[in-house]
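Here's the structure we're looking at; comments come further down.
The values are calculated or read from the model by the stated rules, or taken from the named source; none is laboratory data. All figures in this text were calculated on a predicted structure; none of them were measured in a lab. Glycine gets a Cβ as well: all are built from the backbone with ideal geometry, and neighbour counts include every protein chain shown.
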Amino acid sequence: MANHDVIDLSGKKVGSIELHDQVFAAPIKKYLLTEVVQWQRAKARRGTQSVKTRTEVNGTTKKPYGQKHTGNARQGDEKAPHFRGGGVAFAPKPRDYEYAMPKAKRRAALACALTLKVKEGNLRVVKSFELREMKTKAVKGALDALKTGCTLIVDADNEKLAKSARNLADSRYLNVNGLNVVDLLRYPSLVMTEAAVQTITQRLLGE
């Protein structure tokens, strides 16, 4: 296990914490990150696209002309896909794009993403993220002091922080229970509280 500095919101070192190797020093498998990102994006798709087929288009079902002796190809009605205003062949309909992903893969990918943050030097562990007042300015000031830029802030249940961070332009707060690969890769910097580090370690180790 490697030791990592624990700092306060001003950036001053106040202690250290041991990071478990299976969580913060896992093998980097890019293909695994790709698989889990695609899975998350598929889950996020609303799947509400819908186009009318020939049975749903409003119009008559009367034959436009006789079957024979007109010199034209035979037609059943004018709602066929090859007519202007007709239905669409193989029209897309609302569907669920979600599919199953093994829990072991999800855990391994999350450990990969956390390891990347450590290797890149973009992980900051803070003692706590307690704010004196519920204001976006307070969170912005703390991030400016930490010099993290676009940041993903991860903590346990912290309602004051959650509400204060909602209006941040380029950073986001996440409860540790919702930590995921897409957000870890989206934001260059990661700020976690000690409590969040312990919680995610227990979660990924299955304890």
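The table that follows gives values for the structure above.
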quantity	calculated
In the stretch 98-143, the residues that are basic (Lys, Arg) and surrounded by 15 or more Cβ atoms within 10 Å (Cβ to Cβ)	Arg106, Arg107, Lys117, Arg124, Lys127, Lys140
Conditions (1) farther than 26 Å from Cys112 by Cα; (2) surrounded by 15 or more Cβ atoms within 10 Å (Cβ to Cβ); (3) touching a Phe, Trp or Tyr at 6+ places or on another chain (Cβ under 8 Å); number of the one not met by Ser171	(1)
First in the stretch 1-30 and in a helix (DSSP H, G or I), second anywhere and small (Gly, Ala, Ser), Cβ under 8 Å, 6 or more apart	Asp21/Ala2; Gln22/Ala111; Val23/Ala111; Phe24/Ala2; Phe24/Ala111
Qualifying residue in the stretch 66-76 (condition: of a type outside the set (Phe, Trp, Tyr), in a loop (DSSP other than H, G, I, E, B), in contact with a Pro (Cβ under 7 Å, 6 or more places away or on another chain) and at negative phi)	yes
The stretch 136-163: number of residues that are more than 15 Å from Leu9 (Cα to Cα) and touching a helix residue (DSSP H, G or I) at 6+ places or on another chain (Cβ under 7 Å)	1
Of residues in the stretch 70-89 being surrounded by 14 or more Cβ atoms within 10 Å (Cβ to Cβ) and charged (D, E, K, R), the one nearest to Glu56 (Cα to Cα)	Lys79
Extreme residue, surrounded by the most Cβ atoms within 10 Å (Cβ to Cβ), among residues of the stretch 33-69 that are free of Cβ contacts under 8 Å to residues at least 40 places away in the same chain and charged (D, E, K, R)	Arg54
Some residue of the stretch 44-52 being modelled with pLDDT of 90 or more, under 17 Å from the mean Cα position of the chain (by Cα) and of a type outside the set (Gly, Ala, Ser)	yes
First in the stretch 152-176 and farther than 13 Å from Ala138 by Cα, second anywhere and among the acidic types (Asp, Glu), Cβ under 6 Å, 6 or more apart	Leu152/Asp183
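Yes/no per residue for (1) in contact with a strand residue (DSSP E or B) (Cβ under 7 Å, 6 or more places away or on another chain); (2) more than 25 Å from Thr201 (Cα to Cα):
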{"position": "Met1", "(1), (2)": "yes, no"}
{"position": "Val23", "(1), (2)": "no, no"}
{"position": "Ile28", "(1), (2)": "no, no"}
{"position": "Trp39", "(1), (2)": "no, no"}
{"position": "Ala42", "(1), (2)": "no, yes"}
{"position": "Gly47", "(1), (2)": "no, yes"}
{"position": "Lys52", "(1), (2)": "no, yes"}
{"position": "Pro64", "(1), (2)": "no, yes"}
